[in-house]
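Working notes for the structure below.
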Amino acid sequence: MIEIGMHHHIERTVEPAYTAASLKSGLLEVLATPIMIAWMEECCMECAQTELEEGFGTVGTLVNVTHEAPTPVGGTVTVNCFLRQVDGRRLVFAVEASDKGGIIGRGSHERFIVDNVKFQAKCDKKK
């Protein structure tokens, strides 16, 4: 059952392919913001997925985060999420990412619960 207070965490290592320079979102060999955001979404998706019925999933609809500090290649990032609001199919998570130096990013992420087959079929009609 999806309930306020659910939480989850993941740990990821910054690889060269995950840098701003590799993704062309910057020039430096530091964790790229798009990767940090993807990890935040992954953490929230995994948190919700454990409680959903077969055939259902979630899709990201809103991200509002800061990226406050760099993480070098080889660094470990821990992402934590906390479900703070449930409004029907809408889920709002608080998210936070940190490395050994402390918080590197934080904010909120919104996801919606969907029927996977119906959602994919709706998308496929655009082909």
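Each reported figure results from applying straightforward, stated rules to the coordinates on display, with no laboratory input. It should be emphasised that the depicted structure is a prediction, and the values quoted were computed from it without experimental measurement. Every residue, glycine among them, receives a Cβ derived from its backbone with ideal geometry; neighbour counts consider all protein chains shown.
Table: residues versus (1) among the polar types (S, T, N, Q); (2) surrounded by 21 or more Cβ atoms within 10 Å (Cβ to Cβ); (3) touching a strand residue (DSSP E or B) at 6+ places or on another chain (Cβ under 6 Å); (4) farther than 13 Å from Asn64 by Cα.
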site	(1), (2), (3), (4)
Cys81	no, yes, yes, yes
Gly88	no, no, no, yes
Val92	no, no, yes, no
Gly102	no, no, no, yes
Arg111	no, yes, yes, no
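Could you tell me whether Glu46 is surrounded by 14 or more Cβ atoms within 10 Å (Cβ to Cβ) and charged (D, E, K, R)? Walk me through how you get there before you give the answer.
Numbers: surrounded by 14 or more Cβ atoms within 10 Å (Cβ to Cβ): yes; charged (D, E, K, R): yes.
Answer is yes for this residue.
Scanning segment 27-56 for residues being in contact with a Ser or Thr (Cβ under 8 Å, 6 or more places away or on another chain) and of a type outside the set (A, V, I, L, M) gives a total of 5. Cβ-Cβ distances below 9 Å connect the following pairs, each with a first residue in segment 80-98 that is free of Cβ contacts under 8 Å to residues at least 40 places away in the same chain, a second residue that is part of a strand (DSSP E or B) and among the hydroxyl-bearing types (Ser, Thr, Tyr), and a separation of six or more residues or different chains: Arg89/Thr58; Arg90/Thr61; Val92/Ser108; Ala94/Ser108; Glu96/Thr78; Ser98/Thr78.
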